[in-house]
Amino acid sequence: MSKKIIAIIFIVLFSVTLWVFISLSGDYFYNVNLPITFSDIPEGYAVSNTSDEEISISLKGQGWQLAQMTFGSNPEFTIEVADDPGTHEVTIRNALEKNRWLSSTVQINEFSPAKIKYIVEELDEKRVPVEPNVDLEFKNGFGLISELKVEPDSVSVRGPKSLVEEIESVKTNYKNYTAVDKSIIENILLEEIDKIIFSETDRVTIKFDVQKIVDKEFQNIPVEVKNIPPSKDLIVYPEQVNVILRGGINVLGTLDKSKIKVLVNFNQAIRDTIGYLVPEVEVPDFTTFVGSDPDRLEYIIHQL
């Protein structure tokens, strides 16, 4: 029984192979789009402003020849670059000799475009800042308690001078962070720029700190009076207030209350028409002022 199965399998495989061979022996038409690459670029120069990025070629030949040329490979159409800088134009038909992978047994019916224009110009390099291209969505009850840092915060870009001059910054690849409830440190690639290379690195490190967000009251913060003229004095009551801040649990837990400033300006009292002053509260970065107790101050202006 097993010998019969093996024989059947052999016959099937032989038949399929024979069918494929006979099929590929016939003539076929095949259209292929090939990316254009440039070779023999003079040292210190680069190619820019190409009129087309790819070429479309219509081929005719035996199936097995076409398959051998295209399948399992990534063919490109190569153009040899002129030695002198400036604008150049090459006829595709004249560039066929450089592309020897196009077998002489395959007929080229047509190609589009018929000509390619390009510019040869000097290479240039400069350093530009990196901009993080990220969206942050925090888990309920959590929030950002630091700046979003990028390391390194700048990179060197190298390429055709006219293109380099236009670059003011580079971005990271887009990243969306959702339901974030912890600090993040992650490597992320820079967004590619056509005909531009990154001389040192093509990736950076994204860092930001996330903590659970809570409220905390800081008691007995002194009220500071600003801009008192020499002949005057301003007495406020009470002289100390309690301040409620919102921020990361660890940040608020270690925050020195001297970093919180409660301020009133003498000019507020001069312009006052309602009988009390509302203090201005300055808080550290990545904390939010929630409220103060009391939230208004009585005052007396003294003539010295």
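Given R0 = 35 Å, the distance between the Cβ atoms of Ile185 and Ile235 translates into a calculated FRET efficiency of 0.10. The amide H of Asp52, built 1.01 Å from its N in the peptide plane, has Lys117 as neighbours under 5 Å, considering only residues 5 or more places off or on other chains.
Dipole size of segment 259-304 about its Cα centre, with +1 on Lys/Arg Cβ and -1 on Asp/Glu Cβ: approximately 100 debye, rounded to the nearest 20.
Legend: distances between Cα atoms for Lys216/Lys261; Lys226/Lys259; Lys207/Lys261; Lys139/Lys171; Lys207/Lys259; Lys216/Lys259; pairs beyond 23 Å are Lys207/Lys261; Lys139/Lys171; Lys207/Lys259. Counting only residues at least eight positions apart within a chain, or on another chain, the lysines with an alpha carbon under 16 Å from that of Lys115 are Lys98.
DSSP finds beta bridges in segment 219-283, and of those with both partners inside it, around 55 percent are antiparallel. Here the scattering of segment 177-304 is modelled by Debye summation over its C-alpha atoms, one equal scatterer each and no solvent; at q = 0.23 Å⁻¹ the log10 of I(q)/I(0) is -1.26. In straight-distance terms, cross-link reach from Lys161 covers every one of the lysines whose alpha-carbon lies under 17 Å from its own, apart from those fewer than eight places away in the same chain; here that gives Lys126, Lys195.
Express in nm, to one decimal, how much length is gained between Asn99 and Lys161 on full extension, taking 0.36 nm for each residue of separation and deducting their alpha carbon distance.
Details: separation 62, 0.36 × 62 = 22.32 nm, distance 2.89 nm.
Full extension from Asn99 to Lys161 adds 19.4 nm.
Evaluate E = 1/(1 + (r/R0)^6) for Phe138 and Asn250, where r is the Cβ-Cβ distance and R0 equals 22 Å; express this FRET efficiency to the nearest 0.05. It comes out at approximately 0.90. Take the convex hull of the alpha carbons in segment 240-303; its mean projected area over all directions comes to 5.1 nm². Here's how it looks for Glu224: its modeled amide H is under 5 Å from those of Val262, Leu263, Val264, which are all 5 or more places away or on a different chain.
Values in this text are rule-based calculations from the coordinates and carry no lab data. As the structure is a computational prediction, the values presented were derived from the model and not from experiment. Ideal geometry is used to build each Cβ from the backbone, glycine not excepted, and the neighbour counts take in all protein chains shown.
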